[in-house]
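Encoded as C-alpha cells, the structure appears first; notes follow it.
The values are calculated or read from the model by the stated rules, or taken from the named source; none is laboratory data. Computed from a prediction, not measured in an experiment: that's the story for all the values here. Glycine gets a Cβ as well: all are built from the backbone with ideal geometry, and neighbour counts include every protein chain shown.
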Amino acid sequence: MNVNFREYKMGSRFFALALGGSMTITLLLPSFDIASVSATDIAMDKQLWAGHETGFSLDDPLLLGWHKPVKALIKTDPKTGQAMEPTSVYVYEKGAPFPGGILHPDNLGVVSKKLSLEVGRIAEASNKDGAVFLVSSNDQKQYFIENATATRGWTPEDTLKAAGDENVSHAGAGKTYFVREGCWWCHTLLPEQTQDWQVFGAPPMLGDFNGESPTAFGSDRKAPDLLHVGSRNASREWMMLHFFNPRLVQPHSIMPRFDYMWGPVDAKGVKIDYAKWRAEYNEYTEGKRVTPPEVPMYASNSEIRSLIDFVLTMK
Ligand code: HEC
C-alpha cells in the first residue's frame, strides 16, 4: 500500500512539474516583445533581394516569380559612370512591391528604422517609379537601408545597365520556385542548436528574419539543411548537374529531377530534347554508355537560373 502511495506522490509531482513548466512557457513567451528585435544586416539583405511576400499572393498568383527585385553587383556608378568599389544593390523595377522593412519600417527595429528614414530616406521610395536600395552602415557599424534613388540619383534602368546581366542575381524569383516546387518538404532552412553546428553551420539569429515572408523553415528534415549551402558548395556546374538529375552526382539520391525548370530551349536557343536525353541516360545507367549525356546550359531567363541564384545566395 505504502509503495503504491509513494508512486502516486511521485507521479503527481512530475505532473505538476510538467504542467507548471508548460504553463510558464505559455504565459511567458507572449510577454516577450518579439517585434522589438532589431533586424540584422542579414535580414536587411535577405528582405531586399527576396522582395515582398514569396508564395501565394496577388502579386504572383501562379508562383511564376513575377514582380521580384534583383540583386546586382555594380563596379561603376550608374549615374556618373565612374569606377567605384564593387557594391551590392537591390533593384526594384516599376511596380515591384517593396519588402516588409520598407513598407513597415518598425520591422527594422529602433536604430535601423531611424537611420533608414533619416539618412537612407526610404520613405521617399516610390513603388510606381521603382527604386534602388543598398544596405549601408554608419561609422558605428549600425546598419540601415538606403534608398539610392533618392540619395544618389540611381534609377533602376541605369543601375541594371551598369551591372550587366552576368552580375545580376534572380534569387528573389528563385525563392518563389523553392516554395512552389516544395523543396521545403525535404529540406529545412533552419540549422538548430545541436550537432547541426558541425554539419550545417551556425543557427541563425532571431533578428535575421525581420521582414521575411515566408521563412520557409521547412516542416521536417529528410534532406540536408540548406541555410548555408552556398558556403559548402559554390559550384554552379555541380548545381546544374544535380538539379537536372540528382543521380548524376549522387547515385542513390531520392531527390526528384527538376530538369523541366530549364524550359523549352537552352542558352543558345536550341530546343532541348528531353526524351533523347533520358534515353541516353538510361543507356548510361544500364552500362551501354561510358558517360552520361551532357546537361544543357540553361537560358539566362530560365527558371533554373533563378533557382540556382537563390541556392548559391544562401551562404
Ligand atoms: C524528396 C525530397 C527532396 C526534395 C523535394 C528536394 N530535395 Fe534536395 N536533396 C534531397 C536529398 C536526399 C539530398 C541529399 C542527396 C543529394 O545530394 O541528392 C538533397 C540535396 C540537395 C542539395 C545539396 C545539399 C548539400 O548539402 O550539398 C541541394 C542544393 C538541394 N538538394 C536543393 C533542393 C532544391 C532547391 C529543391 C527544390 C527545387 C530540392 N532540393 C528538393 C532531397 C530532396
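Of the numbered conditions (1) touching a residue at least 12 places away in the same chain (Cβ under 8 Å); (2) in the same structural domain as V111 (by TED's automatic domain parsing), L226 fails exactly one; give the number of that condition.
Tallying (1) touching a residue at least 12 places away in the same chain (Cβ under 8 Å); (2) in the same structural domain as V111 (by TED's automatic domain parsing), L226 fails exactly one: (2).
For region 229-250, state whether one or more residues are within 21 Å of S306 (Cβ to Cβ), touching a Phe, Trp or Tyr at 6+ places or on another chain (Cβ under 6 Å) and aromatic (F, W, Y).
Within region 229-250, one or more residues are within 21 Å of S306 (Cβ to Cβ), touching a Phe, Trp or Tyr at 6+ places or on another chain (Cβ under 6 Å) and aromatic (F, W, Y).
For region 215-315, give me every one of the helices (runs of 4 or more DSSP H) that falls completely inside it and has 3 or more residues that are within 11 Å of the ligand (Cβ to nearest atom).
Answer list for region 215-315: 229-232, 236-244, 303-313.
Within region 44-74, can you find the residues that are under 13 Å from S306 (Cβ atoms) and surrounded by fewer than 19 Cβ atoms within 10 Å (Cβ to Cβ)?
Within region 44-74, L63, L64, W66 meet the criteria.
In the set E7, E53, E85, which member is assigned to a strand (DSSP E or B) and acidic (D, E)?
Matching residue, one of E7, E53, E85: E85.
Kindly indicate whether any position in region 295-314 is farther than 23 Å from G65 by Cα and free of Cβ contacts under 8 Å to residues at least 24 places away in the same chain.
No, region 295-314 contains no residue that is farther than 23 Å from G65 by Cα and free of Cβ contacts under 8 Å to residues at least 24 places away in the same chain.
Residue by residue through region 76-103, note down the ones that are without any contact (Cβ under 8 Å) to a residue 12 or more places away in the chain and within 22 Å of the chain's Cα centre (by Cα).
Residues satisfying the conditions do not exist here.
Could you list all residues from region 156-202 that are closer than 16 Å to S306 by Cα, outside any loop (DSSP other than H, G, I, E, B) and within 9 Å of the ligand (Cβ to nearest atom)?
Scanning region 156-202 gives G174, Y177, F178, R180, C183.
Mind telling me which of the residues G120, G153 ends up being on the phi > 0 side of the Ramachandran plot, in a loop (DSSP other than H, G, I, E, B), away from the ligand (no atom under 16 Å from the Cβ) and modelled with pLDDT of 95 or more?
G153
Between a residue in region 267-290 that is more than 14 Å from N245 (Cα to Cα) and any residue that is of a type in the set (S, T, N, Q), which pairs come within a Cβ distance under 9 Å, given they are 6 or more apart or on different chains?
Cβ pairs passing all conditions: A267/S300; A267/S302; K288/N282.
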